[in-house]
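Working notes, structure below.
The values are calculated or read from the model by the stated rules, or taken from the named source; none is laboratory data. In this text the structure is predicted, and so the values were computed from the model without any measurement. Here the Cβ is made from the backbone with ideal geometry for all residues, glycine too, and neighbour counts use every protein chain on show. Heads up: the accessible areas ignore ligands, DNA and RNA and are worked out on the full protein's heavy atoms, side chains in. Shrake-Rupley method; radii C 1.70, N 1.55, O 1.52, S 1.80 Å.
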Amino acid sequence: TIGGDDNADGDLTEPSPYDDWNIFLRSGSHDIEFENADFSYSDDVLYFYKSDATLRDVFISYVGYGIGVDQGDLILERVDISDTFSDALAGYNNSKIFVSDSIVKDIWSGDAIGLYDNTELLFVNSSILDITDGSAIGLYGSHATATNSVFSGGLDSGIELYDNWQTGPSTIYLENSLVENYLWSDLLVCCGSTAKVKKSVLRNSDYGVEV
């Protein structure tokens, strides 16, 4: 058995698994790989600034924010992100993100995936499920392609497109995918943005497409 008084207060409190740590990779880091790893119980877990990284078979849960990338390239393969307080994945400033065979679920606040300032996302054979307050994908002057994927359940809209005063409107191409069970719209297209939908199902929300 493992014992002790981690909080140094006798019997007043129980130790918690939470610890405010993170991994921050700064400018110039390349060819970084995380594989068969589990990240839990922290605030901001992984942040890549002007860095390139690949995550394979990674689990992230019970954290404040999941993954952030700023001016970098990020590949996620078979990644499971759940129970985050805010964005599970956020991209900024011309970042490029590829996600395949992954699942994002049980996001408490914020967008599951938030993309800003001309970030590009390719989302393939993956799912985003059960978002409390935010969208599955929020595009803010950014661009996404989603194929063979599922977006289901939330108290906002499923996929939201907005413009950005610096980078302009957003775009999305959606193919062979399912968007369903949102309180507002499956797809919200705002502010000069463009959505192309092919062979996909949008259902069981207040609005299918809102422009």
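Of all residues in region 161-200 being more than 25 Å from residue 132 (Cβ to Cβ) and either among the basic types (Lys, Arg) or touching a Pro at 6+ places or on another chain (Cβ under 9 Å) (or both), which is most open to solvent (accessible area, probe 1.4 Å)?
Among those residues, the one meeting the criterion is 199.
Quickly run through region 116-128 and pick out the residues that are open to solvent by 50 Å² or more (accessible area, probe 1.4 Å), of a type outside the set (Asp, Glu) and part of a strand (DSSP E or B).
Of everything in region 116-128, those that are open to solvent by 50 Å² or more (accessible area, probe 1.4 Å), of a type outside the set (Asp, Glu) and part of a strand (DSSP E or B) turn out to be 116, 122.
For region 47-85, which positions are polar (S, T, N, Q) and either over 14 Å from residue 31 (Cβ atoms) or surrounded by 19 or more Cβ atoms within 10 Å (Cβ to Cβ) (or both)? Spell out how you get there, then give the answer.
Of region 47-85, the ones polar (S, T, N, Q) are 51, 54, 61, 71, 82, 84.
Within region 47-85, 51, 61, 71, 82, 84 qualify.
Looking at 57, 43 in this structure, which one is over 18 Å from residue 113 (Cβ atoms) and either modelled with pLDDT of 95 or more or not in a strand (DSSP E or B) (or both)? Spell out the reasoning first.
Values: 43 fails: either modelled with pLDDT of 95 or more or not in a strand (DSSP E or B) (or both).
Selected residue: 57, the only one of 57, 43 that is over 18 Å from residue 113 (Cβ atoms) and either modelled with pLDDT of 95 or more or not in a strand (DSSP E or B) (or both).
Read through the list (1) outside any strand (DSSP E or B); (2) out of contact with any Gly (no Cβ under 8 Å at 6 or more places or on another chain); (3) closer than 19 Å to residue 106 by Cβ; (4) not hydroxyl-bearing (Ser, Thr, Tyr), then give the number of the only condition that residue 153 fails.
(1)
For region 31-40, what are the residues that are in a strand (DSSP E or B) and either closer than 14 Å to residue 80 by Cα or modelled with pLDDT under 90 (or both)?
Residues of region 31-40 in a strand (DSSP E or B): 32-40.
Residues satisfying the conditions are 34, 35, 36, 37, 38, 39, 40.
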